[in-house]
1. Would you tally the residues in segment 17-29 being over 15 Å from Arg42 (Cα atoms) and free of Cβ contacts under 8 Å to residues at least 12 places away in the same chain?
2. Is it the case, given these coordinates, that Ser229 is modelled with pLDDT under 95, outside any loop (DSSP other than H, G, I, E, B), in contact with a strand residue (DSSP E or B) (Cβ under 8 Å, 6 or more places away or on another chain) and within 27 Å of Ala12 (Cα to Cα)?
3. I'm told His169 meets every condition in (1) over 17 Å from the mean Cα position of the chain (by Cα); (2) in a strand (DSSP E or B) except one. Can you identify the failing condition by its number?
4. Collect the residues in segment 22-64 that are open to solvent by 60 Å² or more (accessible area, probe 1.4 Å), touching a Gly at 6+ places or on another chain (Cβ under 9 Å) and in a loop (DSSP other than H, G, I, E, B), keeping them in residue-number order.
5. Across segment 185-214, what is the total count of residues that are within 23 Å of Ala100 (Cβ to Cβ), part of a loop (DSSP other than H, G, I, E, B) and either of a type in the set (Gly, Ala, Ser) or touching a Phe, Trp or Tyr at 6+ places or on another chain (Cβ under 7 Å) (or both)?
6. Against the definition (aliphatic (A, V, I, L, M), within 18 Å of Asp105 (Cβ to Cβ) and touching a Cys at 6+ places or on another chain (Cβ under 7 Å)), how does Ile60 come out, yes or no?
Amino acid sequence: FAGDALDSATWARCPRGKSDWNDTMSDDPGLLTITNGVLHLRGIVNDREDGTTSCLTAGITSRGKFSFLYGKVQIRARFKSAQGAWPALWMLGAEGGWPANGEIDLMEHLNFDQKVYQTVHSDYTVKIDKSNTPKKGGTAEINRDDWNTYGCEWDADKIVFTVNGKLTHTYPRLPDKGDKQWPFNQPFYFILSMQIGGKWVNGSGPTDPAHFPAGMEIDWVHVYQRKESSDKPDAGDGK
């Protein structure tokens, strides 16, 4: 994240939507800044008189600009925690609608937890699999107030999640489960989002306005690929 503005060739701001993860997204310029090579995504209490949401947040996406198929991903980030804060680093399949297109959650953090969640979602995990086989995700301990590096190594047969270079969870392809179990065979794009509130994050209690502003800082996003993968359309190396 060089300079003082978002690289529009790779990234765009997340628009506001109706889902729990984006219903407080705002284009307020103060919520997204780049300083000394670090991206800052902030979440604040909305004090606008005409506000339709109690909080405002920011996020970025590479949808339609950068996607890739298979490789190693590493994202270095830290956050200022708050009751109701939900920073996330994740990826979505570029083709089709959710959950059929697949989702890879490299990191989701709730409130003041000392752990993060790393999970996959698909038609199979959401609609078909009631036994959680194979296990769709797990948690990993973190240094909550420090920088941590979240990532995965992803190929045609498995997704191996990592935190600070250590393996934390593996999600395998099981051909006998059918195509819906493995939509992870298409290019995926990034979403880096700072969100406040929602059913999941507020499960342990309501958002506390006194804890804000909060936010997430992202130092870098690295994508590594083998040469045979990087030769494919839509694959590449982005920061």
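The values are calculated or read from the model by the stated rules, or taken from the named source; none is laboratory data. Because the structure is predicted, anything quoted here is derived from the model rather than measured. Glycine also receives a Cβ, built like all others from the backbone with ideal geometry; neighbour counts cover every protein chain displayed. Protein only, heavy atoms only, side chains kept; ligands, DNA and RNA dropped before computing areas. Shrake-Rupley method; radii C 1.70, N 1.55, O 1.52, S 1.80 Å.
1. 3
2. yes
3. (1)
4. The one that is open to solvent by 60 Å² or more (accessible area, probe 1.4 Å), touching a Gly at 6+ places or on another chain (Cβ under 9 Å) and in a loop (DSSP other than H, G, I, E, B): Ser54.
5. Matching residues across segment 185-214 total 2.
6. On the way: aliphatic (A, V, I, L, M): yes; within 18 Å of Asp105 (Cβ to Cβ): yes; touching a Cys at 6+ places or on another chain (Cβ under 7 Å): yes.
Yes, satisfied.
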